[in-house]
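Here the structure is laid out as structure tokens; the discussion comes afterwards.
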Amino acid sequence: MSWPVRIVALALVGLGWVLAAGGGFAQAPPSAGDGLLGPPTVGERLPAPAVGSPHPLAWSGTPDGDGGGAWPPAPGGPAGCPEDGPAPGPRFWAEGEYLVWWLRGSPLPPLVTTSPPGTAQGAAGVLGQPGTSVLVGDSRVNRDGRSGGRFDLGYWVDSCRTWAVEGNFLFLDHDERRFVNGSDGTQIIARPFRDALTGLQASQLISFPGLVAGTASVHATANNIYGAEGLVRRSLWSAPDCDCGRGFRADLLAGYRYFQLDEGLQVREDLTSIDVTGLVPVGSQITILDSFRTRNQFHGGEVGVATEWRSGSWSLDLLAKLALGNNRQEVVIDGATRTTVPGGGSSLATGGLLAQVSNVGTYHRDEFTLIPELRVTVGYQVGRHVRLLGGYTFLYWTNVVRPGDQVDLTVNPNLIPPTNLVGPSRPAFSFHGSDFWAQGLQGGLEFSF
């Protein structure tokens, strides 16, 4: 857990204790001389509440705080509020939640392979050959739980709590995975690809006895995820006693949603020639780099329904939303090869293995996508202003670009530096989209005033 997330979580807990202990129930019962509702004398009749106002005793706690902490309605509610509509109550709310979410992992194609000792050079690390196994790839990565936060602010515009405006922001911390495989030349390690000239599986050797020693490093990153919403809330229906600690309400939501997902995939080879009879001098060092980065930015409209059931101090909130809009997709592919010959200096060329002059560049497109979201929250009122929250969220996002999906494993060997522009332009680039989901738990506090 990163330090910003820890600080936010501790601040929420501390503020909740302060408000619950200091301002939750620390109100003395009103006296008879206050002009409010004092202890009645024998034979005295209590005044009837004004028409359209909630009953001054209609809440689930006693004045000294015993019996629960549901929010009591303000005495003498505003005129003009329908009797079967929303009741007066707190008009401002703020929520802070700590998130632990799991994401659909980022796909990786087969990137690094190995073969048993004694395998012939032509079959070493080649997919489909006997004994070849995948060391890195052919799987999904960055699926572990990730910490984050979600913050929400809202305000009921009218005293009847019929219309409200609200906004929220969420983030998830970054995640990454590193895989390192290397040998001094005693083991067989390779990077697989399909030869565009022959159509057959082939490989580039990273370590092979008597030829080359080296290391292959794969770095898969999932950078911070961000999201924000600006919404208008309209009360659809509310039970008369909902804000007195019992009842039900339903609200309609409409507004704008933003969501961003950034990811990266980098493969690096650090090779040293040990071939005393080869064209590359012994001791020459070759560094090969392939890089694939993606970004998805969603902008769109959103509608939803929020419902709330209350019973005493307990509450159950259900939220369903659907966002429709444009996903601005970006893919950046880069590759380079640096060769250093002992006593002969170094040279730098464009292109690695899977990122060549045929597909390097920056690419954009706009795609229509959907983001549905479901959320279940259980709450417990611990004071006049504080409610504990805990729940579950599921979010789905259609048609996003992810780094591993943009890798073309078919390579024209003539394009590997030093480049010879003969044959098909492979690897090639074309957009490949897939669906993304995130789900997890949340817990936090709500403050209302």
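The values are calculated or read from the model by the stated rules, or taken from the named source; none is laboratory data. All values reported here derive from a predicted model rather than from experimental measurement. All Cβ positions, glycine included, derive from the backbone under ideal geometry; neighbour counts span all protein chains shown.
Among the conditions (1) farther than 25 Å from residue 313 by Cα; (2) out of contact with any His (no Cβ under 8 Å at 6 or more places or on another chain), the only one that residue 401 does not satisfy is (2). A count restricted to segment 400-426 and to residues that are of a type outside the set (Ser, Thr, Tyr), surrounded by fewer than 17 Cβ atoms within 10 Å (Cβ to Cβ) and not in a helix (DSSP H, G or I) stands at 6. Condition check: within 28 Å of residue 366 (Cβ to Cβ) and in contact with a strand residue (DSSP E or B) (Cβ under 8 Å, 6 or more places away or on another chain). Does residue 323 satisfy that? Yes.
In the set (1) out of contact with any Cys (no Cβ under 8 Å at 6 or more places or on another chain); (2) under 20 Å from residue 161 (Cα atoms), residue 276 fails one condition alone, (2).
Here is a yes/no grid of residues against (1) in contact with a strand residue (DSSP E or B) (Cβ under 8 Å, 6 or more places away or on another chain); (2) more than 30 Å from residue 142 (Cα to Cα):
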| position | (1), (2) |
| --- | --- |
| 215 | yes, no |
| 236 | yes, yes |
| 277 | no, yes |
| 282 | yes, yes |
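Pairs linking a residue in segment 418-434 that is in contact (Cβ under 8 Å) with a residue 60 or more places away in the chain to a residue that is loosely packed, with under 14 Cβ neighbours inside 10 Å and of a type outside the set (Asp, Glu), with Cβ atoms under 7 Å and 6 or more positions apart or on different chains, are 431/365. If the condition is being touching a Phe, Trp or Tyr at 6+ places or on another chain (Cβ under 8 Å) and either in a loop (DSSP other than H, G, I, E, B) or within 30 Å of residue 438 (Cβ to Cβ) (or both), then segment 191-215 contributes no residue at all. You will find that of 354, 318, 322, the residue that is modelled with pLDDT of 95 or more and touching a Phe, Trp or Tyr at 6+ places or on another chain (Cβ under 8 Å) is 354 and no other. If you filter segment 301-338 down to residues that are within 30 Å of residue 415 (Cα to Cα) and surrounded by fewer than 20 Cβ atoms within 10 Å (Cβ to Cβ), you find that the one that is farthest from the chain's Cα centre (by Cα) is 338. Are any residues in segment 256-313 among the hydroxyl-bearing types (Ser, Thr, Tyr), part of a strand (DSSP E or B) and farther than 22 Å from residue 361 by Cβ, and if so, which ones? Hits for segment 256-313 are 256, 258, 272, 273, 307, 311.
When we screen 249, 233 for residues that are farther than 24 Å from residue 436 by Cα, in a strand (DSSP E or B) and in contact with a helix residue (DSSP H, G or I) (Cβ under 7 Å, 6 or more places away or on another chain), the only hit is 249. Inside segment 338-359, residues that are out of contact with any Asp or Glu (no Cβ under 9 Å at 6 or more places or on another chain), over 15 Å from residue 418 (Cβ atoms) and not small (Gly, Ala, Ser) make up a count of 1.
Exactly one residue out of 276, 305, 331, 280 is out of contact with any helix residue (DSSP H, G or I) (no Cβ under 6 Å at 6 or more places or on another chain) and modelled with pLDDT of 95 or more: that is 305. When residue 101 is tested against the conditions (1) touching a residue at least 24 places away in the same chain (Cβ under 8 Å); (2) over 30 Å from residue 229 (Cα atoms), the lone failure is (2).
On the given criteria, is residue 377 in contact (Cβ under 8 Å) with a residue 60 or more places away in the chain, hydroxyl-bearing (Ser, Thr, Tyr) and in a strand (DSSP E or B)? Yes; evaluated as a whole, the condition is true for this residue. For segment 389-409, check the following and say yes or no: at least one residue is free of Cβ contacts under 8 Å to residues at least 24 places away in the same chain and within 30 Å of residue 346 (Cα to Cα). So far as segment 389-409 goes, no, none of its residues is free of Cβ contacts under 8 Å to residues at least 24 places away in the same chain and within 30 Å of residue 346 (Cα to Cα). Among the residues of segment 147-176, just one is at pLDDT 95 or above and among the basic types (Lys, Arg), namely 150.
Residues in segment 113-122 include at least one that is surrounded by fewer than 18 Cβ atoms within 10 Å (Cβ to Cβ), over 32 Å from the mean Cα position of the chain (by Cα) and among the hydrophobic types (A, V, I, L, M, F, W, C). Selection of segment 111-136 for residues being in contact with a Leu (Cβ under 6 Å, 6 or more places away or on another chain) and either over 17 Å from residue 214 (Cα atoms) or among the small types (Gly, Ala, Ser) (or both) yields an empty set. Residues that are in contact with a helix residue (DSSP H, G or I) (Cβ under 8 Å, 6 or more places away or on another chain) and either in contact (Cβ under 8 Å) with a residue 40 or more places away in the chain or farther than 29 Å from residue 269 by Cβ (or both) are absent from segment 139-146. Count of segment 71-106 residues, restricted to those that are modelled with pLDDT of 55 or more and among the charged types (D, E, K, R), is 4.
Look at residue 387 and say whether it is crowded, with 21+ Cβ neighbours inside 10 Å, outside any loop (DSSP other than H, G, I, E, B) and basic (Lys, Arg). Yes, satisfied.
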